[in-house]
Amino acid sequence: MSSKEGSGGFRKRKHDNFPHNQRREGKDVNSSSPVMLAFKSFQQELDARHDKYERLVKLSRDITVESKRTIFLLHRITSAPYMDEILTEAEIKLDGVRQKILQVAQELSGEDMHQFHRAITTGLQEYVEAVSFQHFIKTRSLISMDEINKQLIFSTEDNGKENKTQPSSDAQDKQCGTWRLKITPVDYLLGVADLTGELMRMCINSVGNGDIDTPFEVSQFLRQVYDGFSFIGNTGPYEVSKKLYTLKQSLAKVENACYALKVRGSEIPKHMLADVFSVKTEMIDQEEGIS
């Protein structure tokens, strides 16, 4: 009999030696025991954290969408004569984005931002890109991270509008009724890196409209940005060094546009400059693809 059980029969399990009632006792757990109460509190805490993470992901999506719409609106400036009206409309859209960022600041009240940073980083990068693009169009310069953070100080008394007179070091200052959210250096750098692609598109649109000043201004600005990122190099975050190659491509295309304008701009009609530039851009893309 023992040989049959060893070859293919059912082996007698060890807990079959215990009486049936003693095996059942493990299922009757006392729900009021300290261990069960502790695990229930852990469950509630984890559920609340997951729900907050999902809410932040949805807010980040809304921030990303509205920031992209602002960027698309700002690209109309090169083809529209009413620059001030477009800038005013863009500022209204950015105010709506800041209302979403206010909700993010309220969600992060009393929490460690770095634990939820992955949920909101995409939206914050897109917001930095939109704000820096608007600032460049106005001043032809780069907005600093401190200036961006000053715009993200809110007062509940003003229905979420910015309060620049009472800065606060915490996510919420209960005494002053202010909220704030700080853009991290990584979000700022990634947003500025994405800005270079928008400036390259702005340069292309300017060439198509016969604007010969904007490409040279953009080229000089992109060189300064590229030099700054070159100092960081591989010592910075992985995402920053990864976007350095794209930044270099944008700079090459803008410099190619400046070359076409400088060397052949006098002999080519303005309405044909965009065609010449597009052909040279395709040649650069093919060479980069072959290499």
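The values are calculated or read from the model by the stated rules, or taken from the named source; none is laboratory data. As the structure is a prediction and not an experimental result, all values here were calculated from the model. No Cβ is skipped: glycine too gets one built from the backbone with ideal geometry, and neighbour counts run over all protein chains shown. Each accessible area value is taken on the protein alone, full model and side chains, heavy atoms only, with ligands, DNA and RNA left out. Shrake-Rupley method; radii C 1.70, N 1.55, O 1.52, S 1.80 Å.
Of the heavy-atom accessible surface of region 191-265 (probe 1.4 angstrom), what whole percent is carbon and sulfur?
On the way: 1910 of 3690 Å².
Using a 1.4 Å probe with all protein chains present, region 191-265 comes out at 52 percent carbon and sulfur.
Any chance you could look up the accessible area of MET83 with a 1.4 Å probe, heavy atoms only, rounded to 10 Å²?
Accessible surface of MET83 is approximately 70 Å².
Compute the distribution of all C-alpha to C-alpha distances in region 176-234, in bins of 10 Å from 0, and list the percent of pairs in each, rounded to whole numbers.
Taking every Cα pair in region 176-234, the percentages come to 19, 38, 24, 14, 5, 0.
Taking Cα centroids, how far is region 218-238 from region 133-154 in Å?
18
Going highest first, how would you order 97-108, 67-78 by mean Cβ packing within 10 Å?
Details: 97-108: 20.5, 67-78: 18.1.
Averaged packing, sorted descending, gives the order 97-108, 67-78.
Among residues other than MET83 whose Cβ falls under 13 Å from its Cβ, what is the net charge (Lys/Arg +1, Asp/Glu -1)? Can you show the working numbers first?
Working: positive: ARG76, LYS138; negative: ASP84, GLU85, GLU89, GLU91, ASP211.
Result for the neighbourhood of MET83: -3.
Decide, for region 108-154, between rounded, prolate and oblate: order the square roots of the alpha carbon gyration tensor eigenvalues as a ≥ b ≥ c, take rounded if a/c falls under 1.5, and otherwise choose prolate if a/b is larger than b/c, else oblate. Could the numbers behind the result be given before it?
Numbers: a/c = 3.40, a/b = 2.02, b/c = 1.68.
Prolate is the answer for region 108-154, as a/c is 1.5 or above and a/b outweighs b/c.
For region 191-265, take the alpha-carbon Rg, divide it by the Kirkwood Rh, and send me Rg/Rh. Before the final figure, lay out the partial values.
Details: Rg = 12.9 Å, Rh = 12.6 Å.
Looking at region 191-265, the ratio lands at 1.03.
Could you order peptides 132-143, 180-191 by the average number of other Cβ atoms within 10 Å of their residues, highest first?
Values: 132-143: 16.9, 180-191: 19.7.
Result, highest mean Cβ count within 10 Å first: 180-191, 132-143.
In what sequence, highest mean first, do 196-209, 48-61 appear when ranked by Cβ atoms within 10 angstrom? All intermediate terms of the calculation are to be shown ahead of the outcome.
On the way: 196-209: 20.6, 48-61: 14.6.
So the peptides 196-209, 48-61, ranked by packing, come out 196-209, 48-61.
Long-range amide H contacts for SER155: which residues qualify at under 5 Å (H placed 1.01 Å from N, peptide plane, sequence gap of 5 or more or a different chain)?
Residues meeting the criterion, in which the H sits 1.01 Å from N, are GLY160, LYS161, ASN163, TRP179.
Starting from 0.36 nm per residue, how many nanometres of slack lie between SER32 and ARG76 once their C-alpha separation is accounted for?
In short, 9.3 nm is gained.
I need the calculated FRET efficiency for the pair SER109 and THR184, taking r as the beta carbon distance and R₀ as 25 Å, to the nearest 0.05. Write down the numbers at each step before the final one.
Values: r = 18 Å, r/R0 = 0.70.
With a Förster radius of 25 Å, E is 0.90.
For labels at GLU54 and THR139 in the simple 7 Å Cα→Cβ model, what's the distance in nm?
4.2
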